[in-house]
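What follows is calculated from the coordinates using simple rules that are stated; it is not laboratory data. The model shown is predicted, which means the values in this text are computed figures rather than measured ones.
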Amino acid sequence: MIKVLLIEDDDIIGEMICMYLTEEDFHVLRTRTGQDGVAELNEFSPDVILLDLTLPDFEGTDLCNSLRQVTEVPIIIISSNAKVSEKVEAFTVGADDYLCKPFSMHELKARILAVSRRSKQAAAVGAASLPVDQPLKCDLDMNLETRMLLVRGESIEMTFSEFELIRLFYEHPQRVFRREELINALRGYDSCINDRSIDVHITNLRRKIEENPKDPQYIKTVWGVGYKFVK
């Protein structure tokens, strides 16, 4: 049973989501404030977080960023704001998907199943595909079992999507990935993520792993095509 933490202050929408997901055999816990959501995070231990961007005590993107600092649980933003800039900001601070209100409950279920499946597969594949502490390069070490990246001996905090990108690059060194391939690898075909979001993730990764992000040695741009990883 998938456990869903719903942080939504609108009673009508909140109750609709709770009723539908409960009928579909999800275990749902709803909070009306960001503070209560954070308080329930460890005790409830959700598999997926549904986060409204408009809360009485938090800006949704600020809360998303705070949650991402303490958990790798997939976060789906639910919002009435359909602006691309808002979506890009959400992905930048750690969201894994973005669903615009009003939305179909069937689509919501599909999104939850998709991010949950990718999260579980990533953990399973990561544990099996690379021995613990196998080095990427002299100053880059990745542990897929614990989902940790060490850069020059220091642990680097990453979002779920950032880790999935660097894992994908590592497993296919020198391969040139088109942006469309990276989008599909992260979100599936039904995602709101776009080319701009991928570029933002790449920029953030370079800032975290490159000695000089303006002259990257690991993540190379292949102009007019996409990106590749150089060991």
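Observations, loosely collected:
- Whole-number percent relative contact order across the chain, with pairs defined as alpha carbons under 8 Å at least 6 apart: 14 percent
- Hits among lysines - C-alpha to C-alpha of Lys101 under 26 Å, sequence gap 8 or more where chains match: Lys3, Lys83, Lys87, Lys109
- Counting only DSSP beta bridges with both residues in the chain, the antiparallel share comes to about 50 percent.
- Listed by chain and number, the aspartates and glutamates whose C-alpha is less than 20 Å from the C-alpha of Lys220, apart from same-chain residues fewer than 8 away, are Asp139, Asp141, Glu162, Glu164, Glu171, Glu180, Glu181, Asp195, Asp199, Glu210, Glu211.
- Its Cα gyration tensor gives the chain an equivalent ellipsoid. The semi-axes, each the square root of 5 times an eigenvalue, are 31, 18, 16 Å from largest down.
- Restricting the calculation to Cα atoms, the range 3-119 yields a radius of gyration followed by a Dmax of 12.6, 34 Å.
- Listed values for the range 2-19 are Karplus-derived 3J(HN,Hα) couplings in whole Hz (6.51 cos²θ - 1.76 cosθ + 1.60, θ = phi - 60°), namely 7, 9, 10, 9, 9, 10, 8, 8, 6, 5, 5, 5, x, 5, 4, 5, 4, 4, and x replaces Gly and Pro.
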